[in-house]
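Visitor: Would you mind keeping the following structure in view while I ask a few things?
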Amino acid sequence: MSTPPPPMPQSAAPDWQAAPNSPYPGYTSPIPVVRTHLGHALTSEWTKIKSVRSTMWTLGVFVLLVVGIGLLTGAVVASSDPDLGGESPLSLGFFGLLLGAMCIITLGVLTTASEYGTGMIRTTMVACPSRGRVLAAKALVFFLIAFVVTLVCATLIGFLHVAMLEGYNAKDPSGEEWLKGTVGVSLYLALLGTLSLAIGSVVRHSAGAITIMIGAVLAPLVIALFMFSSSLQDVQQALFEYSIPNQMSIFYANSLTESGPSGWDPLWIMLVVTGAALGGAFALLEKRDV
Amino acid sequence: MIELEGLTKRYGEKVAVNNLTFTVRPGIVTGFLGPNGAGKSTTMRMILGLDHPTAGDVRIDGTHYHRLKNPLTYIGALLEAKGVHPGRSAYNHLLCLAQSNGIPPRRVHEVLDAVGLTAVARKKAKGFSLGMGQRLGIAAALLGDPRILMFDEPVNGLDPEGIHWIRTLMKSLAAQGRTVFVSSHLMSEMALTADHLVVIGQGRLLADTSMADFIERNSRSYVRVRSPQRERLLDVLHGGGMTAAESGDGALEVDGSTAEAIGELAARHQLTLHELSPQQASLEEAFMQLTAESVEYHAHTGAGTPAPPQQQWGASWTKG
């Protein structure tokens, strides 16, 4: 109750030497001042993404799924169906990649949303007040990682399938089929992950954003399955054709449907959707408080 | 230097920060004081460009925060929420911050050493105690060797040794000519570290004064007197030109006199005294009175004479 006030240091501000070229007095650090740019943000995000275990887990499971399921389907087909009827063996890689997409989605969401869960986002934005730069750096680093990992897996499993099914009347894949089945589908998956990253930034909640993205992948197919009414046939057809699994299968030219997107169309569709989502995420990031 | 001009933040109907104007100067520790929920953290987040002000302006050395190209070398901040990914090691946490500002990686080792975390640099942050987490936050604030430092409730949850360390650190940073801005809801803590004081309550500025002035103006000294002959004592005191106030527990509080004068006066009139003790209202009480008045001012204007600070503070709680 009766704490005597402690002795006070004198309160007048001493006269500090002004820093050169600054009207504001105070301390001047010996550390050289650097004008930062996107490159700094990219190195920072690279350090971040490789220094958490969830990255290693999601990518590890992804590799296991793509290679494991790929080998399994290859082995099953090789042992039971000796005649592929001129089909491309590359198409067998689809199943592993479809399941692996869940890992890419998870990693994409975690790249942005986990920072909101931990409060790290405040530290990040204090260090780099240009919010667009943070989002761009995250998206670029993630896109490149997702693309490279998917490309390596898809190429590996492609070679394995071709080798396993040699002499089973399988088609020898053409150059374009190779390109679509490796680079094409890898770009598509990396974009799907980047879309998840944008959704993660908008929703700011890991579990919520992952649920939304998995729903976006599966819901159209499931809904379409139960559209028995003939008046809904057009809707059902569109849901089938533009569902993400069907878009992915187009890279192997074994679409569920004969009409709808073809060739490289899925890539352009995903590019536009992801671009729009990133734009929306950026606008919200600028507008909202962190 | 941090300059706030009419800074205001509204969340819907609620005004969290109301027209704040003050300047935080270099070379001294400026305490930012207010009860919980007064708007301290919101103000700090606006200074750092995390929250957009509804109105008003805040500048760091004359520049808006988002225009700073390498902000960590201008201003280092320890925010209330830890802001660390629990799965990342202390070293990697600081490294990614250093990289985003083009700070050489050797600085990471220097600040880890400065806060005493070198031994656990490669350990994940989730295994850190409250004190270690606070030290990591301070390491991040010091990373860019900034001219301005901001600490939001730095002593929260620290042990006495840690509290002493932070106090010494803040004073030495200010002595180097840096601007040090530290928030707290503990007046006693501020009295030990701050040279200047900014007090807010309900988002409004209540005081912007030097610590010495604040102490001089707000620390009331009085003498506590207790006597079985209470009525006579009151008359005698009155006759001697002293004003006595009831303290509520049967004792009297006499302002503007000394224990010696009161004792001699009582002896001359042969009064029995059971207690005669000089008292000084603590700064904590002065602070609570200041903030409680702002609460009362809003809640029910013109409600008689102010009650003793302790009761008023409690009352504002139950009514609030």
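Visitor: If you place +1 on the Cβ of every Lys and Arg, -1 on the Cβ of every Asp and Glu, and leave all else neutral, what size is the dipole of the protein assembly as shown about its Cα centre, to the nearest 20 Debye?
Guide: Numbers: 44 positive and 48 negative charges, 175 e Å.
Roughly 840 debye, rounded to the nearest 20.
Visitor: Using amide H atoms built in the peptide plane, which far-off residues or other-chain residues are under 5 Å from B:Asn19 H to H?
Guide: HN-HN under 5 Å from B:Asn19: B:Thr8, B:Lys9.
Visitor: Still on this structure: Give, in nm to one decimal, the length gained when the segment between A:Ser259 and A:Ile223 is fully stretched (0.36 nm per residue of separation minus the Cα-Cα distance). Walk me through the intermediate numbers first.
Guide: On the way: separation 36, 0.36 × 36 = 12.96 nm, distance 1.92 nm.
Net length gain for the segment: 11.0 nm.
Visitor: Could you tell me how many degrees, from 0 to 90 and to the nearest 10, lie between the Cα long axis of helix B:90-100 and the main elongation axis, the longest principal axis, of the Cα atoms of chain B?
Guide: 70 degrees
Visitor: Here's another thing I want to ask about it. Could you tell me which trypsin sites (Lys or Arg not before Pro) in segment B:83-186 are loop residues by DSSP with no more than 14 other beta carbons within 10 angstrom of their beta carbon?
Guide: Working: sites: B:Arg88, B:Arg106, B:Arg107, B:Arg122, B:Lys123, B:Lys124, B:Lys126, B:Arg135, B:Arg147, B:Arg167, B:Lys171, B:Arg178; in loops: B:Arg88, B:Arg122, B:Lys123, B:Arg147, B:Arg178.
Taking segment B:83-186 and a limit of 14 other Cβ atoms within 10 Å, the loop trypsin sites (Lys or Arg not before Pro) found are B:Arg122, B:Lys123.
Visitor: Would you mind working out the magnitude of the charge dipole of segment A:38-287 relative to its Cα centre, with +1 at each Lys and Arg C-beta and -1 at each Asp and Glu C-beta, to the nearest 20 Debye? Let's see the in-between values first.
Guide: On the way: 11 positive and 14 negative charges, 298 e Å.
For this selection, approximately 1440 debye.
Visitor: Under 8 Å for C-alpha pairs, at least 6 residues apart: give me the relative contact order for chain B, rounded to a whole percent. Show your work: numbers first, answer last.
Guide: On the way: 579 pairs, mean separation 61.6, N = 320.
Reported as a whole number, the value is 19 percent.
Visitor: Still on this structure, please answer the following. Where a ≥ b ≥ c are the square roots of the eigenvalues of the C-alpha gyration tensor, would you call segment B:2-217 rounded, which needs a/c under 1.5, or, failing that, prolate if a/b is larger than b/c, or oblate? Could you put the intermediate results ahead of the total?
Guide: Values: a/c = 1.68, a/b = 1.40, b/c = 1.20.
Because a/c hits 1.5 or more and a/b exceeds b/c, segment B:2-217 counts as prolate.
Visitor: Using the alpha-carbon centroid of each, what span in Å lies between segment A:29-103 and segment B:159-179?
Guide: Cα centroid to Cα centroid, the span is 48 Å.
Visitor: Say a site is exposed when it is one of the trypsin sites (Lys or Arg not before Pro), sits in a DSSP loop, and has at most 16 other Cβ atoms within 10 Å; what is then the longest site-free stretch of chain A? Write out the running numbers ahead of the final one.
Guide: Details: sites that count: A:Arg35, A:Lys171, A:Arg288.
Free of exposed loop sites, the longest segment is A:36-170.
Visitor: Placing +1 on the Cβ of each Lys and Arg and -1 on the Cβ of each Asp and Glu in chain B, which of B:Leu78, B:Thr30, B:Leu283 has its Cα farthest towards the positive end of the resulting dipole?
Guide: B:Leu78
Visitor: If you take the beta carbon distance between B:Ser221 and A:His205 as r and set R0 to 51 Å, what does 1/(1 + (r/R0)^6) give as a FRET efficiency, to the nearest 0.05?
Guide: E between B:Ser221 and A:His205, to the nearest 0.05, is 0.40.
Visitor: Please identify the GluC sites (Glu not before Pro) of segment A:221-290 that satisfy two criteria: DSSP loop assignment and at most 14 other Cβ atoms within 10 Å. Which are they?
Guide: Numbers: sites: A:Glu241, A:Glu258, A:Glu286; in loops: A:Glu258.
Within segment A:221-290, the qualifying GluC sites (Glu not before Pro) (loop, at most 14 other Cβ atoms within 10 Å) are A:Glu258.
Visitor: Rounding to the nearest 20 debye, state how big the charge dipole of segment B:27-83 is about its Cα centre with +1 on each Lys and Arg Cβ and -1 on each Asp and Glu Cβ. Walk me through the intermediate numbers first.
Guide: Numbers: 6 positive and 4 negative charges, 24 e Å.
So the magnitude is around 120 debye.
Visitor: Next question, about the same structure. Is segment B:221-280 best put as rounded, prolate or oblate by its Cα gyration tensor, with a ≥ b ≥ c the root eigenvalues, rounded for a/c under 1.5, and otherwise prolate when a/b is larger than b/c, oblate when not? Could you put the intermediate results ahead of the total?
Guide: Working: a/c = 1.35, a/b = 1.15, b/c = 1.17.
Verdict is rounded for segment B:221-280.
Visitor: Normalised by the number of residues in chain A, what is the relative contact order in percent for Cα pairs under 8 Å and 6+ residues apart? Let's see the in-between values first.
Guide: Values: 342 pairs, mean separation 63.3, N = 290.
Over chain A, the number comes to 22 percent.
Visitor: Answer rounded, prolate or oblate for the protein assembly as shown, using the Cα gyration tensor with square roots of eigenvalues a ≥ b ≥ c: rounded when a/c is under 1.5, else prolate when a/b is larger than b/c, else oblate.
Guide: Note, shape of the protein assembly as shown comes out prolate.
Visitor: Something else about it: Taking θ as phi - 60°, what are the ³J(HN,Hα) couplings along segment A:209-220 by the Karplus curve (6.51, -1.76, 1.60), each to the nearest whole Hz, with x for Gly and Pro?
Guide: 5, 5, 4, 4, 5, 5, x, 5, 6, 9, 4, x
Visitor: Compare B:Arg268, B:Arg59, B:Arg67 in a GNM of chain B, Cα atoms joined below 10 Å, and give the one with the largest fluctuation.
Guide: Top of the fluctuation ranking is B:Arg268.
Visitor: Per the helix-only calculation at 222 nm, which mean residue ellipticity applies to chain A, given -39500 (n - 2.57) for every DSSP H run of n ≥ 4 and division by its residues, nearest 500 deg cm²/dmol? Write out the running numbers ahead of the final one.
Guide: Values: 11 runs with 192 residues, N = 290.
Estimated from H runs of four or more residues: -22500 deg cm²/dmol.
Visitor: Please give the Cα centre distance for segment A:169-199 versus segment B:38-99, rounded to the nearest Å.
Guide: First find each Cα centre; the distance between them is then 40 Å.
Visitor: Another question, if that's okay. Can you give the angle from 0 to 90° between the axis of helix A:38-50 and the longest principal axis of chain A, with both taken from C-alpha atoms, to the nearest 10?
Guide: Tilt relative to chain A: about 70 degrees.
Visitor: Still on this structure, please answer the following. Cα-based count: Lys pairs in chain B below 16 Å, eight or more positions apart or different chains? Don't skip to the answer; put the middle values down first.
Guide: Values: B:Lys9/B:Lys40; B:Lys14/B:Lys40; B:Lys82/B:Lys124; B:Lys82/B:Lys126.
Total qualifying Lys-Lys pairs in chain B comes to 4.
Bear in mind these aren't lab numbers, they're just calculated from the coordinates by the rules spelled out. Here the structure is a predicted model, which means the values were calculated and not measured. Ideal geometry is used to build each Cβ from the backbone, glycine not excepted, and the neighbour counts take in all protein chains shown.
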